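These notes are about the structure you will find just below.
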Amino acid sequence: MIFYVYIIKSSKTNKYYIGYTNNLERRLFEHNHNNTQSLKNKGPFILIYKEQFINKLDATKRERQIKSYKGGNEFKKLLNI
């Protein structure tokens, strides 16, 4: 099964959100239709970045690594901003 780590940006708040999923299209739909508790009413969201992994463990490790960047230089470098 393929997993994705993704970064989305809220058009409403201009904030970035990082997550992982095994169905990126479904997850983006959920975010954009207020089906996620943590991001409810913060959309619409735009997919900014994604990485693909062959297992959940690698995806969750990468998600934690990206979250540890806390918007710093490594995060900006990843997004080319």
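The values are calculated or read from the model by the stated rules, or taken from the named source; none is laboratory data. Because the structure is a prediction, the values reported are computed rather than measured. Neighbour counts run over all protein chains shown; Cβ positions are idealised from the backbone, glycine included.
Looking only at segment 46-81, filter to residues that are over 21 Å from Ile2 (Cβ atoms) and in contact with a Phe, Trp or Tyr (Cβ under 8 Å, 6 or more places away or on another chain); which one of those is surrounded by the most Cβ atoms within 10 Å (Cβ to Cβ)?
My answer is Phe75.
Give the residue, chosen from Leu47, Leu24, that is of a type in the set (A, V, I, L, M) and more than 14 Å from Lys9 (Cα to Cα).
Leu24
Mind checking which residues of segment 12-41 are in a loop (DSSP other than H, G, I, E, B) and either among the acidic types (Asp, Glu) or under 24 Å from Gln65 (Cα atoms) (or both)?
Once the filter is applied, which keeps residues that are in a loop (DSSP other than H, G, I, E, B) and either among the acidic types (Asp, Glu) or under 24 Å from Gln65 (Cα atoms) (or both), segment 12-41 yields Thr13, Asn14, Lys15, Asn22, Asn23, Thr36, Gln37, Ser38, Leu39.
Quick check on my filter: what residues within segment 9-47 are among the β-branched types (Val, Ile, Thr) and in contact with a helix residue (DSSP H, G or I) (Cβ under 6 Å, 6 or more places away or on another chain)?
Ile18, Thr21, Thr36
Limited to segment 42-81, what total is found for residues that are at positive phi and touching a residue at least 24 places away in the same chain (Cβ under 8 Å)?
1
Only one residue in Leu47, Leu57, Leu78 is among the hydrophobic types (A, V, I, L, M, F, W, C), at pLDDT below 95 and either in contact with a Ser or Thr (Cβ under 9 Å, 6 or more places away or on another chain) or not in a loop (DSSP other than H, G, I, E, B) (or both), so which one is that?
Exactly one residue qualifies, and that residue is Leu78.
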